[in-house]
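Asker: Got a structure for you, questions after.
The values are calculated or read from the model by the stated rules, or taken from the named source; none is laboratory data. Keep in mind that what you see is a predicted model, and the values were worked out from it rather than measured. Neighbour counts run over all protein chains shown; Cβ positions are idealised from the backbone, glycine included. Heavy atoms of the whole protein, side chains included, go into the accessibility calculation; ligands, DNA and RNA do not. Shrake-Rupley method; radii C 1.70, N 1.55, O 1.52, S 1.80 Å.
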Amino acid sequence: MALLYVILILASTLAALEGRPTGAPADACVAMMPSHGGSNAQSNPGPFEVYHNIPNYFNRSTEYKVTLRTTDGSTFRGFFCQVRGYGPYQATSRPYGSFTTVSRTQTRDCSGQFGDTGVNAAAAITHTERLGVSNITFYWNAPAAEVPLPARLVVLCSTVVTFTDWYRQIPSATFTTDPNTAILTTVPPTMVRVDRGACSFLVLPRFRKMEIYKQ
């Protein structure tokens, strides 16, 4: 009986060290951080890049390819990606558009995490199992014409290599809609929930001016 107890303890410890093999949970939607207690994100993008075929001026309601890959051939176990408004608020900005899954990926419903019913139920994408790959490709669906957007957007991906080796919000090249249809508008502040351990609080950015592109 004592031996069985020790085996169970060891198994649970190893599972915790391996992180979340079935993907990032919905409560990671805002901070985009894995729930690895006691570990910190690396301070640089590491051997990662987020590549996409989204043109600088993209089309609404169009599907685009996104690839998360390492630059040195090393592998990663998990990932979590969103498309957000580029700029000073991108760390907690709401996500835009939706993702189409491929093998070994799944979407996450982040709509309840931002206090904003306009967030698509497939606005984030993550893994379904421990990957061990050097790249993975999936698809982002640009929002419809009636959805107001920030001036520029960016794909952000967090990756997990090991329990203590992970990278938060690695950015892609930015992109926008047709600048010929730009209007200047005031974007009201959006309350977002940020979880820190057992605590949860609201972030309320100030009113600010930004360009909105609407076709």
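Asker: Note down the magnitude of the dipole of region 82-175 about its Cα centre, charges +1 on Lys and Arg C-beta and -1 on Asp and Glu C-beta and zero elsewhere, to the nearest 20 debye.
Answerer: Charge dipole of region 82-175: 140 debye, to the nearest 20.
Asker: Shifting gears a bit: Express the accessible area of region 61-128 per residue in Å², computed with a 1.4 Å probe while the remaining protein chains stay in the model.
Answerer: Each residue of region 61-128 exposes 40 Å² on average to a 1.4 Å probe.
Asker: Between Tyr51 and Arg104, how many nm apart are label points set 7 Å from Cα along the C-beta direction?
Answerer: For the pair Tyr51/Arg104, the computed spacing is 1.7 nm.
Asker: Rounded to a whole number, what % of the accessible area of region 23-150 do carbon and sulfur atoms account for, probe 1.4 Å?
Answerer: The value for region 23-150 is 45 percent carbon and sulfur by accessible area.
Asker: Moving on. Apply 1/(1 + (r/R0)^6) to the Cβ-Cβ distance of Ser134 and Thr62, taking R0 = 35 Å, and write down the FRET efficiency to the nearest 0.05.
Answerer: Efficiency, rounded to the nearest 0.05: 0.80.
Asker: Calculate one ³J(HN,Hα) per residue across region 142-148 by plugging θ = phi - 60° into the Karplus curve 6.51 cos²θ - 1.76 cosθ + 1.60, and present them in order as whole Hz with x for glycine and proline.
Answerer: 5, x, 5, 4, 7, 8, x
Asker: Hey, with R₀ at 45 Å, roughly what FRET efficiency would Ala173 and Asp27 work out to, going by the Cβ-Cβ distance, to 0.05?
Answerer: 0.95
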